[in-house]
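As structure tokens, the structure follows; a few thoughts come after it.
The values are calculated or read from the model by the stated rules, or taken from the named source; none is laboratory data. Quick caveat: nothing in here was measured; it's all calculated off a predicted structure. Note that each Cβ is placed from the backbone with ideal geometry, even for glycine, and that neighbours are counted across all protein chains shown. Side chains included, ligands, DNA and RNA excluded: accessible areas come from the protein's heavy atoms. Shrake-Rupley method; radii C 1.70, N 1.55, O 1.52, S 1.80 Å.
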Amino acid sequence: MKTRSARLFPHILSYAALIFPVAMLIVVAAWRLGEGGLDPASTSMHLANADWQVTLQAGMQAPPSSVDSKTLPNTWKSTTLPRAFSPAVASGTGRQGATGRKQEVSTTWIRLSAERTSLPSGPLALYSPRIKTDGTIAIYVDGKLTHQEQQQGPLWNSLFTPLWMGLGEGANGTPPQEILICVQHPAASWVGMSSLWLGNAASLQRTYDMRLWLQRELPAMLSAAFLAVGVFALFVWFKRRHETSYLLFFNVAATSFVAHMHYYVGMPIANDWFAWLTINSLLWLVAALHFFLCHLHGRPLKWLTRALILALLVIGVVTLPLLPDTSSFAWAIYAIILLTAGSVVVVGAVNAWNRTSEGRVLVVGLGLCALVGVPDWFLHNNIMSTEGWFTGAYTNAITFGMFTLLMFHRYVNAIADVERTNASLARRLQEREAELARSHKLLLDAELRQTISDERQRLMLDMHDGLGSSLISAIRSVERGNIDDAKMSQILKDCLDDLKLTIDSMEPVEADLLLLLATLRFRLEPRLEGTGIVLLWNVRELPALAWLDPSNALHILRIVQESIANILRHAHASEIRVSTKLEEYGVQVVMEDNGRGFDVDKALDSSAGRGLHNQRRRALAVKGRVSWKSGPTGTCFSLWLPLDSDAAVN
Amino acid sequence: MQAQSPDSEPFPIHVAVVEDDRDTRDALCKIIQAAPDMRLAGTACTLAEGMAMLSGPPADVLLVDLGLPDGSGIDIIRATATQWPSCSVMVSTNFGDETHVMRSLEMGAAGYLLKDSSPAKIIDEIRILASGGSPISPIIARQVLMRFRQSGTEAASAPAQPADQSTLLSAREREVLDYITKGFTTNEIAKLMALSHFTVRSFVRRIYGKLKVTSKAEAIFEAKALGLSRD
């Protein structure tokens, strides 16, 4: 139960971490949408029927502070808003001069009547989604100038900013009767006018806010976010120069931001370079997307690239502010841009569709971008209702969403890849470790086999010389029947002693020669019992002999054993003195007896000297040496052993 | 199985034998019965018989073979310590069997006997054992020294284990062991240390006693460390 709740707790936490922010966002959105609270339809009046006329004048004039519509020429025509007033229509009614047309300025007058009494009390406001014009806008309420827009000429963001005009407390209870809109503009340009709403300020505010937010602020946010992601990609590229896609992505984000900047910048369209940038960056964006697509599907598409660069250069040069004004065929330039975008999408789609899923996502996104760009073009060229939506602002949202999707996939895949790699690395490491352990075990086994084989060899050699031959001769003697029990017992006892020493040699003596000699004495002591021979133990402390392994220990035991056996057999001594001495390069074990001695040289030459030769051979095997000094008063046998097995025997 | 022996001594040494090999057992019995100061108190061939024997009157010396057909002589050594506390246990062993000898000493044996020893030597060893001495060899001495060096350091690192006299070797005891590893006989050591031959042998017995205590203390310490024992 406890563990279950402990397991559940992180789940609850993570759900809370998910639900809380989502709920927060929903609540904020609800506030935003729920503001106003009043239904605009019941609290405001939709003004869609208007009268209009166009007058001509010599140039731009400051709008007078009051205009009585009755003083204007009585050439009003009625129409339904929204509506685009074409220059042909506009100039059709006035005098059309063949010369100086560019200097001519038209004033388009739009009159709306609000003669109704159903307006609610409280602050009133006038709202219109859009007035599309290259000139100034002045609004007269009941003949009085109450609002002006674009006094310095058209603004970059005017198409995306709805009209909003507060009318105060309904003019002391008398609602406005007439609204006159006066638009001054070059005679050759279009004027687009959407319908108007007059009504309760609070409820209209909501409609206005929503329009402003969806049309300008949300795309601006998305555009900025896209740029931020682009900058992030740029920094990724700084670290990973070989991954060009990040740089290309930054390019797309940057050009996209620049291409859409005019949506949000409220400055007057006076700077020609900004206009140039606005038009051209759109084409650069198409080019950047093209390069990105090429990078994705990996095909150069030389002819399309060349055509794109050519179009880019031509339009770039033609639209230069230094050259004659091109605004009259701006529609054509935009059409070219739309066409190039379309062809980039189609060609990209053909090439990338079967290659990468990323390419497919990108192509779909770009197709959507081109599609949402088309209504923009229609709107710009007055083919579509002025009240419609500029969907082009959302190309950024689409590109942003699309690239975010790609990045999301890459990021998630990269994490999965890293995890997979780690898992496979761990597995390989484990395999390698197992392999190492296996080979190590094989090595150990081989070493063990070698050790066993060496040990067997050593014991075989030893037994062949000692125990084996003693037993064989004993067996032969028994078979021949020429051996008495006492002798037989003695031979077997000797064999047992041999065996004991063999076993003792395997005891770890830790390089202690004295312990080895002590063991030997302990084993041979019973042999001396009853012989009347006194053993004088005169040993001194000796340094450790690092080379004293079982094999060498057995050699030493056999050498000393042989010496004692010789004394017991031949010397007729009454005393054996065993002593040890430390010398510069070695240690010496000396055994002196007071027996009758023997001729060393003669013994070494005769067959009886086999034991002595064995001693010499064994001494050489441990890099030591043996020597005998014998006289009538006894024999002195000494065994010299090196302190260090590497030291030369001299 | 009671055996009669000439009752020449006022306080004969009662010797019991646990040995499964018939020849060895007969040889041992013969040697003991031949000794004027010894009396064969009983014989057993198996672990079960040996254990049954322990419920009878105690002997002074018990000769035990470790490799019994129905179990290890170690069990008899352990049981003797509680049932015949005054009895000295002597393990009869073959040469080169130092590991078992050490184990037996830790379990409370007071000495050990090589099976191929001469009858005189066997009688001698039994007498020394009965009088409170113990035999030793250089290799056993070496192993005892090493065991105390280990347990000395372990005792120092274990706070629950006070380093008291009953678990540490005295300087003289250590000296005796050092001499043994250098090849000196007990007689020579007695001379070198200006002690009696008997004192040196009794030193060895005391060392074996400490070996038993130490190994018990170690067992308890290990059991505590493993959480097997509460006290």
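So the values come out like this:
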{"read-out": "Tabulated pairs, segment A:320-344, first closer than 25 Å to residue A:303 by Cα and surrounded by 15 or more Cβ atoms within 10 Å (Cβ to Cβ), second of a type in the set (D, E, K, R) and modelled with pLDDT of 80 or more, C-beta under 9 angstrom, 6+ apart or interchain", "value": "none"}
{"read-out": "Some residue of segment A:89-103 being β-branched (Val, Ile, Thr) and either at pLDDT 80 or above or under 60 Å from the mean Cα position of the chain (by Cα) (or both)", "value": "no"}
{"read-out": "Selection from segment A:356-370 of residues that are surrounded by fewer than 20 Cβ atoms within 10 Å (Cβ to Cβ) and not charged (D, E, K, R)", "value": "A:356, A:357, A:361, A:364, A:367, A:368"}
{"read-out": "Candidates A:529, A:584, A:592, filtered to the one that is over 25 Å from residue B:189 (Cβ atoms) and acidic (Asp, Glu)", "value": "A:584"}
{"read-out": "Qualifying residue in segment A:298-308 (condition: open to solvent by 30 Å² or more (accessible area, probe 1.4 Å), modelled with pLDDT under 80 and in contact with a strand residue (DSSP E or B) (Cβ under 7 Å, 6 or more places away or on another chain))", "value": "no"}
{"read-out": "Residues located in segment A:538-549, provided they are facing chain B (nearest Cβ under 9 Å) and open to solvent by less than 40 Å² (accessible area, probe 1.4 Å)", "value": "A:539"}
{"read-out": "Scan of segment A:129-145 for residues that are within 59 Å of the chain's Cα centre (by Cα), modelled with pLDDT under 85 and open to solvent by less than 20 Å² (accessible area, probe 1.4 Å), ordered by number", "value": "A:129, A:130, A:131, A:133, A:135"}
{"read-out": "Filter result for the condition that a residue is at pLDDT below 85 and either under 23 Å from residue A:643 (Cα atoms) or basic (Lys, Arg) (or both), over A:610, A:625", "value": "A:610"}
{"read-out": "Whichever residue in segment A:596-637 is in a helix (DSSP H, G or I) and of a type in the set (Gly, Ala, Ser) and, among such residues, is nearest to residue A:466 (Cα to Cα)", "value": "A:611"}
{"read-out": "Candidate set from segment B:177-213 (those that are of a type in the set (Ser, Thr, Tyr) and over 16 Å from the mean Cα position of the chain (by Cα)); member that is surrounded by the fewest Cβ atoms within 10 Å (Cβ to Cβ)", "value": "B:196"}
{"read-out": "Members of segment B:172-205 that are more than 12 Å from residue B:137 (Cα to Cα), touching a helix residue (DSSP H, G or I) at 6+ places or on another chain (Cβ under 9 Å) and not in a helix (DSSP H, G or I)", "value": "B:193, B:195, B:196"}
{"read-out": "Filtered residues of segment B:122-138 (kept if open to solvent by 20 Å² or more (accessible area, probe 1.4 Å) and among the acidic types (Asp, Glu))", "value": "B:124"}
{"read-out": "Residues satisfying the stated conditions in segment A:393-412, i.e. crowded, with 19+ Cβ neighbours inside 10 Å and touching a residue at least 60 places away in the same chain (Cβ under 8 Å)", "value": "A:393, A:394, A:395, A:396, A:397, A:399, A:400, A:403"}
{"read-out": "Hey, residue A:626 open to solvent by less than 10 Å² (accessible area, probe 1.4 Å) and touching a residue at least 60 places away in the same chain (Cβ under 8 Å) or not", "value": "no"}
{"read-out": "Residue list for segment A:189-236, restricted to those being free of Cβ contacts under 8 Å to residues at least 60 places away in the same chain and among the small types (Gly, Ala, Ser)", "value": "A:220, A:224, A:228, A:230, A:233"}
{"read-out": "For residue A:389: the one exception among (1) in a helix (DSSP H, G or I); (2) in contact (Cβ under 8 Å) with a residue 60 or more places away in the chain; (3) open to solvent by 60 Å² or more (accessible area, probe 1.4 Å)", "value": "(1)"}
{"read-out": "Options B:134, B:72, B:118: the member that is more than 12 Å from every other protein chain (Cβ to nearest Cβ) and more than 22 Å from residue B:45 (Cβ to Cβ)", "value": "B:134"}
{"read-out": "Residue in segment A:499-516 that is under 60 Å from the mean Cα position of the chain (by Cα), within 14 Å of chain B (Cβ to nearest Cβ) and on the phi > 0 side of the Ramachandran plot present", "value": "yes"}
{"read-out": "Leading residue by the ranking (nearest to the chain's Cα centre (by Cα)) among those in segment A:517-537 that are outside any helix (DSSP H, G or I) and more than 10 Å from every other protein chain (Cβ to nearest Cβ)", "value": "A:534"}
{"read-out": "Qualifying residue in segment B:32-46 (condition: charged (D, E, K, R) and modelled with pLDDT under 90)", "value": "no"}
